[in-house]
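These notes are about the structure you will find just below.
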Amino acid sequence: MSKDITLGILYSGQLETQLIKSAKKIGGIKTIVLTNDKNGPAKHFCDKFICGNLSDRKLIKDFIEQIDICTYAFENLSYEILKTIASEKEVHPSPDTLKIAQNRILEKKFANNLGINTTDWKPVNSLMDLKEGIRLFGNCIMKSVSGGYDGKQQFRFKSIDEIDFKIDFNKEYILEKFLNFKQEISVAATRYKNGKISIYEPTENIHENGILRRSKIPADITKKIFNQAQEVTVKFAEKLKYLGTLNLEFMIDEKDDLFFNEYANRCHNGFWHSVNSYEICQFTNHVRAVCGLDYIENTKISNAEMINILGDEILKFREKKFKKNEFFFDYLKTDIRPGRKMGHITTLKD
Ligand code: ADP
Ligand code: MG
């Protein structure tokens with residue numbers, strides 16, 4: 001495909017902004033953002049910014065007419081809207097893969113059907129299911145099947161006495177056996193139209209209060225875990241016939257066993273360091289793949305650590321002077337809220 005492409009991007013947050021920066025760097029790609037957030041930071045970078053109510057059919061129709069290809073980096077998009085766009089233009093990653101990522105049960109089933117190891121789990125739809133599950137697993141964690149992020153909508157139990165009777169059982173949940181958690185790692189990979197996969201080394205993620213705080217390469221893991229995590233990621237991308245960048249998240253327990261936890265049907269905060277640590281970052285790889293451009297061999301430039309800047313911490317970073325190996329990203333969000341991801345700093349290391 002020649003490079004004279006209009007790429008439609010749904011939503012307008014920090015990940016979408018970085019996709020636009022990648023499109024600009026590649027060249028020959030015009031970007032049109034469609035969002036319901038008039039303050040979305042992507043508006044400062046895209047070629048055209050369309051803001052309105054996403055359930056407005058005319059708005060969607062206008063967007064479809066103006067674009068060649070559509071992509072996104074936001075998990076809570078409507079499957080129906082994506083399907084409407086996909087009925088006329090290419091949408092990558094496919095709405096069907098997003099549907100799996102939006103549902104923790106479909107995600108775990110998909111992995112287990114491929115023989116990929118996860119912690120023991122069961123669906124919970126009632127108080128009775130929950131009691132049965134706690135008796136079965138003992139120490140466990142219940143998560144809403146869809147809509148949860150940054151540790152939100154999660155409940156820990158060690159015994160049935162700890163059940164909070166305010167839990168809303170009109171929602172669907174998944175109950176998971178709680179692992180003797182040692183570490184979390186994630187792996188990003190980009191799959192191209194010709195089936196070639198560009199894979200990154202595992203990054204180690206450290207959370208604070210359920211929010212990702214730090215991601216670093218190299219991860220402090222064995223070669224066996226390193227290879228296993230990459231193999232599972234490749235298998236996942238192939239079986240989904242995925243197009244673009246995805247990120248798989250794994251937990252490692254005290255016995256050094258690897259468990260698939262969840263996957264992001266998109267570029268992920270945890271691999272943002274690849275903008276500085278690799279020749280081709282996860283965002284550029286994503287844009288290249290969804291636009292049908294050629295796969296290019298990638299190389300790592302440096303070890304790196306990314307630290308997320310939360311809430312009003314951003315204020316001091318906006319004043320700060322940075323060293324040559326430090327790269328500051330301000331997401332340009334207008335509204336500062338406690339725990340909100342406002343930016344990050346990547347430090348390249350030996
Ligand atoms: P989120 O969508 O909020 O990222 P996760 O499933 O990743 O939800 O859970 C958040 C964090 O909670 C994980 O990064 C991990 O540290 C911990 N966690 C989640 N599930 C388990 C589990 N089954 N056993 C041990 N720790 C877990
Ligand atoms: Mg997670």
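Points worth noting:
- Of all lysines in the structure, those lying under 19 Å Cα to Cα from Lys25, and not within fewer than 8 positions of it along the same chain, are Lys3, Lys43, Lys48, Lys300.
- When +1 charges are put on Lys and Arg Cβ atoms and -1 charges on Asp and Glu Cβ atoms, the dipole computed for the chain relative to its Cα centre reaches about 560 debye.
- Remark: spin-label model distance Glu172-Lys323 equals 4.9 nm, labels positioned 7 Å along the Cα→Cβ axis.
- Gyration tensor verdict on the stretch 93-246 (Cα atoms; rounded if a/c is under 1.5, prolate if a/b is larger than b/c, oblate otherwise): prolate
- Against the main long axis of the alpha-carbon atoms of the chain, helix 14-26 sits at an angle near 40°.
- Cα-only Debye scattering, the stretch 223-350: base-10 log of I(q)/I(0) at q = 0.13, 0.18, 0.22 Å⁻¹: -0.69, -1.16, -1.32
- Environment charge at Val187 (Cβ cut-off 10 Å; Lys +1, Arg +1, Asp -1, Glu -1): -3
- Each label was represented as a point 7 Å from its Cα along the Cα-to-Cβ direction; for Lys235 and Leu59 these points are 4.2 nm apart.
- Nearest-ten-degree value, helix 104-113 long axis tilted from longest Cα axis of the chain: 80
- The packing ranking, built from the mean of other Cβ atoms within 10 Å per residue, places the peptides 104-110, 279-285 in the order 279-285, 104-110, highest first.
- Average projection area in nm² (convex hull over Cα atoms of the chain, one quarter of hull surface): 18.2
- Label point 7 Å beyond Cα of Glu297 along Cβ direction - residues of the stretch 263-277 with amide nitrogen under 20 Å: 277
- C-alpha long axis of helix 57-66 to longest principal axis of the chain, angle in °: 50
- Relative contact order for the stretch 154-231, counting Cα pairs under 8 Å that sit 6 or more residues apart, in percent: 21
- Normalised contact order of the chain, rounded percent, pairs of Cα under 8 Å and 6 or more residues apart: 15
- Bridging of Lys255 to lysines at a Cα separation below 26 Å is possible for Lys108, Lys109, Lys122, Lys143, Lys158, Lys177, Lys182, Lys216, Lys223, Lys224, Lys235, once same-chain residues fewer than 8 apart are set aside.
- Between the residues Gln230, Trp272, Leu19, the greatest Cα displacement towards the positive end of the dipole of the chain, with unit charges on the Cβ of Lys, Arg, Asp and Glu, is found for Leu19.
Each value in this text was obtained by applying a stated rule to the coordinates, not by laboratory testing. All of these numbers come straight from a predicted model, not from anything done at the bench. Ideal geometry is used to build each Cβ from the backbone, glycine not excepted, and the neighbour counts take in all protein chains shown.
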